[in-house]
1. Going by what's in this entry, would G81 be described as part of a loop (DSSP other than H, G, I, E, B) and within 15 Å of the chain's Cα centre (by Cα)?
2. Can you find, within segment 31-55, the residue that is nearest to H6 (Cα to Cα) among those that are in a strand (DSSP E or B) and touching a helix residue (DSSP H, G or I) at 6+ places or on another chain (Cβ under 7 Å)?
3. Just to be sure I understand, how many residues within segment 1-53 are farther than 30 Å from I76 by Cβ, charged (D, E, K, R) and in contact (Cβ under 8 Å) with a residue 24 or more places away in the chain?
4. Check segment 84-92 and report whether any residue there is small (G, A, S), at pLDDT 90 or above and out of contact with any strand residue (DSSP E or B) (no Cβ under 6 Å at 6 or more places or on another chain).
5. Looking only at segment 56-78, which residues are touching a strand residue (DSSP E or B) at 6+ places or on another chain (Cβ under 7 Å), of a type outside the set (A, V, I, L, M, F, W, C), more than 23 Å from E19 (Cβ to Cβ) and not in a strand (DSSP E or B)?
6. Sort through K18, K23 and tell me the only one that's surrounded by fewer than 12 Cβ atoms within 10 Å (Cβ to Cβ) and at pLDDT 90 or above.
7. Check whether at least one residue in segment 75-83 is farther than 17 Å from V7 by Cβ and of a type in the set (D, E, K, R), and report yes or no.
8. Contact list please: Cβ distance under 7 Å, first residue in segment 94-106 and within 10 Å of D69 (Cα to Cα), second residue exposed (fewer than 14 other Cβ atoms within 10 Å of the Cβ), pairs at least six apart or on different chains.
Amino acid sequence: MCKLHHVAIATIDFEKYKELFEKLGMTIQREVGETPTRQLWFNEGIQLKEVSSLEYGTNVDHIALGTKDIEGTIKIALSNGCKLDSRGNNWFILSNGTKIELMEEE
């Protein structure tokens, strides 16, 4: 079984969105990197990923799912038309190009 872990939003307006989500009451869990490739994670399931331009006409970089069985989940995804992503053995791509990251859940 999988559940939503976080959604990563790619943005060229990093500070603007950081401020917005903080004003909405979200708290920063972790922040890494320097301009123009900063990233931060809010405790509430949103990740901001700074980019210099938006690719593929979308601002969703990836969706992360929590699972107790990464290997089994990958097998299911591949048998249903998905492809592995070059980011690692816990990543796959839907047929529409959406990238999925799998996070180990206990």
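1. On the way: part of a loop (DSSP other than H, G, I, E, B): yes; within 15 Å of the chain's Cα centre (by Cα): no.
Criteria not met by G81.
2. Residue satisfying both the conditions and the ranking: I46.
3. 3
4. To start, the set of residues in segment 84-92 that are small (G, A, S) comprises 86, 88.
Then drop every residue that is not at pLDDT 90 or above, which leaves 86, 88.
The next check asks that each one be out of contact with any strand residue (DSSP E or B) (no Cβ under 6 Å at 6 or more places or on another chain); those that pass are 86, 88.
Yes; the residues of segment 84-92 include at least one that is small (G, A, S), at pLDDT 90 or above and out of contact with any strand residue (DSSP E or B) (no Cβ under 6 Å at 6 or more places or on another chain).
5. T73
6. K23
7. Yes, segment 75-83 contains a residue that is farther than 17 Å from V7 by Cβ and of a type in the set (D, E, K, R).
8. E105/K68
The values are calculated or read from the model by the stated rules, or taken from the named source; none is laboratory data. Computed from a predicted model, the values in this text were never measured in an experiment. Cβ: placed from backbone, ideal geometry, glycine included. Neighbour counts: every protein chain shown.
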